1. Scanning region A:242-261 for residues that are closer than 13 Å to residue A:165 by Cα and not hydrophobic (A, V, I, L, M, F, W, C), which turns out surrounded by the fewest Cβ atoms within 10 Å (Cβ to Cβ)?
2. Return the residue satisfying two criteria in turn: it lies in region A:236-245 and is in contact with a helix residue (DSSP H, G or I) (Cβ under 7 Å, 6 or more places away or on another chain) and touching a residue at least 40 places away in the same chain (Cβ under 8 Å), and of such residues it is nearest to residue A:171 (Cα to Cα).
3. Taking helices (runs of 4 or more DSSP H) that do not extend beyond region A:167-240, which have at least 1 residues that are of a type in the set (Ser, Thr, Tyr), under 29 Å from the mean Cα position of the chain (by Cα) and more than 9 Å from every other protein chain (Cβ to nearest Cβ)?
4. Being farther than 30 Å from residue B:146 by Cα, more than 32 Å from the chain's Cα centre (by Cα) and modelled with pLDDT under 90, is that true of even one residue in region A:71-86?
5. Can you tell me how many residues within region B:183-208 are surrounded by 13 or more Cβ atoms within 10 Å (Cβ to Cβ) and farther than 30 Å from residue A:134 by Cα?
6. Under 6 Å by Cβ, and 6 or more places apart or on different chains, what pairs join a residue from region B:18-47 that is under 17 Å from residue B:253 (Cα atoms) and facing another protein chain (nearest Cβ under 7 Å) with one that is part of a loop (DSSP other than H, G, I, E, B) and at pLDDT below 90?
7. Look through B:116, B:141, B:164 and report the one residue that is surrounded by fewer than 23 Cβ atoms within 10 Å (Cβ to Cβ), on the phi < 0 side of the Ramachandran plot and facing another protein chain (nearest Cβ under 8 Å).
8. Restricting the search to region B:4-17, which residues are of a type in the set (Val, Ile, Thr) and within 7 Å of chain A (Cβ to nearest Cβ)?
Amino acid sequence: MTTVTDAVTEAPATTVPEPARRKSPYPYWFILPGGVIFAVFFLVPSVMAFWFSLTRWTLFDQEFIGLDNYVQFFREPALASGLWHTLIYAVTTSGLKVVLGMALAVLLTGPILGRGFMRSVAFFPVLVSTIGVGLTFQILMHPTRGVINQALDLVGITGPAWLVDPDWALLSVAFVDVWQGVGLATVIYMAGILSIPGEYFEAAKMDGAGAWHRFRNITLPLAKPATVSVILLSLIGGLRKFDLIWAMTKGGPGFTSDVMASVIYKQYQAGFYGLSTAGNVVLFLLVILIALPLFWFFNRKEDA
Amino acid sequence: MSTRTRPNYPLSGLAIVLFGVVFLVPFGFILLTAGKTAQESALLDFSWPTEWAFVANLQAVVEARDYLLIIAFINSTILTVASVTVVVILAAMAGFVLQRRKSRVTKVANLVILSGLVLPPAVVPTIWVLQKIGLFKTMPGLILVEIAYAMAFCVLLFQAFIAGIPKEMDEAATIDGAGPVSLFFRVVFPLLRPIIVTVVVVQTVFIWNDFTSPLYFLPGDENATVQLTLFNFQGQYASSYNLLFMDILLVTVPPLIMFMIFQRQIVSGMVAGSVKG
């Protein structure tokens, strides 16, 4: 009580309202500290990358060489194939996450015993160290002694040599990525499915629609925002993926599982900073080229 | 969908078997191998150890390379706690103003935030920036980078949450004489508790598990984080699978504990973030 009256008596009523109304209670300087850190350690490097990619660069010295880094990048099959692998990897992982995430979400929102426990179990790998997952699966995928191929042997299937076979290495890593990340897709889909009013399903049932028709005509279209999220999230994540690939194959055998992020790291390790940064710019443009049309496409469709 | 229907037993059975094989076997494998002797673990099979060497393995891993794992745990803890604390405060402040004040400045800021969410960071130029300001290969440098990388996502979460807090509250506080700082820290910030918990938990898990940033920005053994030590462990002790898996297990324990305590927040936070992204 006393503080309130004090404040009122201390400040003459005529002067207080004016500056108080002028000054916004939401000052721009609140954005500043976070904004400065973000600008210095994210935006500045991103912009500078365009310049450094045009130089022969040792971090201390730089010599302008024009587009030579890019020419070299696209000429050397070992580097350029990284671009293809990145696309294959991102499309495979996000496609599988959409399909399997949806399937698991339908299962885990259905009349199932122990679904709370299974929801947790499916989500847990999302939180576990990617390096740990990569090293574990490297051993589970051992061509002859690994648990996966031994289990396949039991049912009479000869499993591939997973990480050692050049044709399989990239896909094998992609499968592990799906194993680790499908829990997030599932959770997003579960949120989407649970927000669909139950009456829709009941009405459809009354009209004699079977399980497949209810899924096809109710769940699938109404869970579309979830699908958009899953696709965008896993595509963007897949295009940038580094840690899992590095832990499992280091881009090998040969260069058969090298993606953009591992090419960037290898060139950096080898001291080719300009070339490495050119790779970064290529990845940058690739992400924009894929993300922008998707954003536009999904937003437009949702308005209609 | 409601749960009125009775459980579908055949489907439940199938689901439980499927989940067991696909998700629990790998974790069981980690746990069992971490408890085996070196010879038994070298078989790489999924079997019960004939002789438990759990404690001995634990000791061996902790003592390996002059207690490097302990140092790595300390480093990772410092990195995680410092980055998460700073990013929560700064992102909440920014999210508050960006949500409340609609202007050209905030419009541009929102576009920039979107770019931070989508674009891959340019790593080598970031090293150049760190070197210019003398923070390359230092913990503060890595902390600042982690903050920068987490900023966009966190600001978006805070913005979305603050949209649900009535603006009338700000007005009431302002009329009572609160300036912007006390309005935010004494009135708004305490109301953000649920989303703060979400952001803290999700970012703690992300930064604890981050491998790429320490690899680029903080190389070297004396500064090793747990993920780096884990990755290097494989090369050092190539055939000691029991120790490798004990290491994997130890590094996984902190996120596991987080998960068990904050399960609900983790999931809602992941969904909130992803729906926005």
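1. A:254
2. A:245
3. A:169-194, A:224-240
4. Scanning region A:71-86, I find no residue that is farther than 30 Å from residue B:146 by Cα, more than 32 Å from the chain's Cα centre (by Cα) and modelled with pLDDT under 90, so the answer is no.
5. So the answer is 10.
6. What qualifies is B:29/B:46.
7. After applying the criteria, what remains is B:116.
8. B:5, B:16
The values are calculated or read from the model by the stated rules, or taken from the named source; none is laboratory data. Keep in mind that this is a model prediction, so the values were computed, not measured. Heads up, the Cβs are rebuilt from the backbone with ideal geometry, glycines too, and the neighbour counts pull from every protein chain shown.
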